[in-house]
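Asks: Dropping a structure here in structure tokens format, bear with me for questions.
The values are calculated or read from the model by the stated rules, or taken from the named source; none is laboratory data. Fair warning: this is a prediction, and the values are worked out from it, not measured in the lab. Neighbour counts run over all protein chains shown; Cβ positions are idealised from the backbone, glycine included. All accessible areas refer to the heavy atoms of the entire protein, side chains included, with ligands and DNA or RNA removed. Shrake-Rupley method; radii C 1.70, N 1.55, O 1.52, S 1.80 Å.
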Amino acid sequence: KLSHDALQVEQLVYWREPKKSAVAFGVSLLVLFAVATLSVISVVSYLLLASLCVTITFRVYKSVIQAVQKSDEGHPFKSLLDRDVSVSSESFHQLSEKFLVYLNSFIRQSRRLLLVEDLVDSVKLAGVMWVMTYIGAVFNGITILILGNADATQIDRFIELVQTRMEETFQPISNQHLPHSLSVSLSVCLSVSPGCRTGYQEL
């Protein structure tokens with residue numbers, strides 16, 4: 001069972017909510033392009049400056065409106081200022097434990113591969129690193145992140161659409177040309193078993 005955060009990520013990746021996915025994709029792509037052309041310090045400074053320009057302008061605008069209308073609505077960001085954004089000790093310990101698990105696993109795997117506990121795995125790692133030297137000569141890290149960002153938000157959605165279209169296309173054909181009992185069994189299999197659906201699509 002996926003956690004709440006994992007479900008939100010899945011909804012963004014598969015464009016369940018197009019507006020949120022478009023905003024997330026556009027912002028992440030803009031930040032990556034900015035980092036590719038500017039320094040990280042400049043990107044952070046520009047982002048904070050843009051945020052301050054928006055919030056200060058909105059605060060001044062609301063203050064002028066309240067002065068003209070002689071209303072007392074209070075601070076425009078009061079609901080956000082009153083919200084508790086502190087990290088609880090329980091959440092911190094959970095994150096620390098998860099990070100510690102991944103860190104220990106990384107250390108064990110690195111030791112096993114670098115000290116050649118398994119010759120085949122170490123040779124595979126050497127081959128991968130050799131290929132990465134050629135990739136690094138063509139692409140830098142930011143370029144790979146930009147391509148990965150586009151792949152994560154577009155390719156998965158494209159594959160899902162293709163699978164849906166294939167099911168819609170081949171389902172009537174199977175119902176017309178296959179025996180009735182086999183067609184019913186195939187329909188049940190496609191609707192229940194993802195593995196059966198994948199195998200049927202390959203056929």
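Asks: Hey, can you tell me all the residues within the stretch 57-91 that are in a helix (DSSP H, G or I) and open to solvent by 100 Å² or more (accessible area, probe 1.4 Å)?
Replies: Scanning the stretch 57-91 gives Arg59, Tyr61, Val68, Gln69, Lys78, Leu81, Asp82, Glu90.
Asks: Suppose we filter the stretch 27-51 for residues that are hydroxyl-bearing (Ser, Thr, Tyr) and open to solvent by less than 50 Å² (accessible area, probe 1.4 Å); how many remain?
Replies: 2
Asks: Still on this model: Which condition does Val87 not pass, out of (1) out of contact with any helix residue (DSSP H, G or I) (no Cβ under 9 Å at 6 or more places or on another chain); (2) more than 30 Å from Leu125 (Cα to Cα), if it passes all the others?
Replies: Here Val87 meets the rest and fails (1).
Asks: With Val54, Val87 as the choices, which residue is closer than 27 Å to Val31 by Cα and modelled with pLDDT of 90 or more?
Replies: None of the others qualify; the one that does is Val54.
Asks: While we're looking at this one, here's another question. Scan Val9, Val54 and give me the residue that is under 21 Å from the mean Cα position of the chain (by Cα) and part of a helix (DSSP H, G or I).
Replies: Within the list Val9, Val54, the selection yields Val9.
Asks: Pick from the stretch 1-26 the residues that are open to solvent by 80 Å² or more (accessible area, probe 1.4 Å) and under 20 Å from Leu145 (Cβ atoms): which of them is modelled with the lowest pLDDT?
Replies: Filtering first and then ranking leaves Val9.
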